[in-house]
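A.B. asks: Starting off with a structure, shown below.
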Amino acid sequence: MSNGEIAIRSILEDLIHQFSDPLAFYRELVQNSIDAGSGEVEISVEYEEREPEGRAVIRVRDFGEGMTQEIIESRLTRLFSSGKDDDLTKIGRFGIGFVSVFAVEPDHVVVDTGREGTYLRALFDADRTYELFELDVPMEGTEVRILKTMDREEFEEIRERSRRAVRDWCKHAEVPIYLDGEEIREAFDVDSPCKIEHAEPGTRVVIGLVT
């Protein structure tokens, strides 16, 4: 490995572990889904019984515009190429949204996506190397699956933490967010008889007097 590759890997590790909570990837993936034009986002946290040890399977599914091979290779897998720099209303413009999934140290990350009649799977290993395959089954949008080996007790803990994280970060999302089949959005409002509301692209503010 060259000195340049070592330096890039070091920078990447620093960016991955900058999140105070590794489960911040929910926020990043949901925002990326909204940026892709999805009208809703589905999240599930499930456990697969396996031998000798089970694993958590976390899915974030959207119905947005999906990705082509060019987008996967030039934007998803190249940290410093975002393609969103001209739109300041999109949080994902920093190009680190997807990389955040590696903060939970998964065994694998699977990205299935479809666009322009081509359906692809990117399979990432724990070291962030990946292989790209063409899918036989058509799909709409993008699904990210995070796979991590753990026992049942560890899973119950991460499932509860996931529920809190998704509700905390996504309860005021622009589109419906479903967690294990239940919509978790709440009204973005202030319980006050006297309030002012201001909205513009990318920003909404509600101010009220509360006694």
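The values are calculated or read from the model by the stated rules, or taken from the named source; none is laboratory data. Fair warning: this is a prediction, and the values are worked out from it, not measured in the lab. Ideal geometry is used to build each Cβ from the backbone, glycine not excepted, and the neighbour counts take in all protein chains shown. These area figures cover heavy atoms from the full protein model, side chains too; ligands, DNA and RNA do not enter into them. Shrake-Rupley method; radii C 1.70, N 1.55, O 1.52, S 1.80 Å.
A.B. asks: Can you tell me which residues in the range 144-169 are touching a Phe, Trp or Tyr at 6+ places or on another chain (Cβ under 8 Å) and of a type in the set (A, V, I, L, M, F, W, C)?
C.D. replies: Val144, Ile146, Phe155, Ala165, Val166, Trp169
A.B. asks: If you don't mind, there's one more thing I want to ask. Could you check how many residues of the range 112-138 are among the aliphatic types (A, V, I, L, M) and in contact (Cβ under 8 Å) with a residue 40 or more places away in the chain?
C.D. replies: Residues in the range 112-138 being among the aliphatic types (A, V, I, L, M) and in contact (Cβ under 8 Å) with a residue 40 or more places away in the chain: 3 in total.
A.B. asks: Further question on the same structure: Consider only pairs whose beta carbons are under 9 Å apart and that are at least six residues apart or on different chains; among these, list those whose first residue lies in the range 160-188 and is within 14 Å of Val45 (Cβ to Cβ) and whose second residue is in a helix (DSSP H, G or I) and open to solvent by 80 Å² or more (accessible area, probe 1.4 Å).
C.D. replies: Ala165/Arg27; Val166/Arg27; Cys170/Arg27; Leu179/Arg163; Leu179/Arg167; Asp180/Arg163; Ile184/Arg163; Ile184/Arg167
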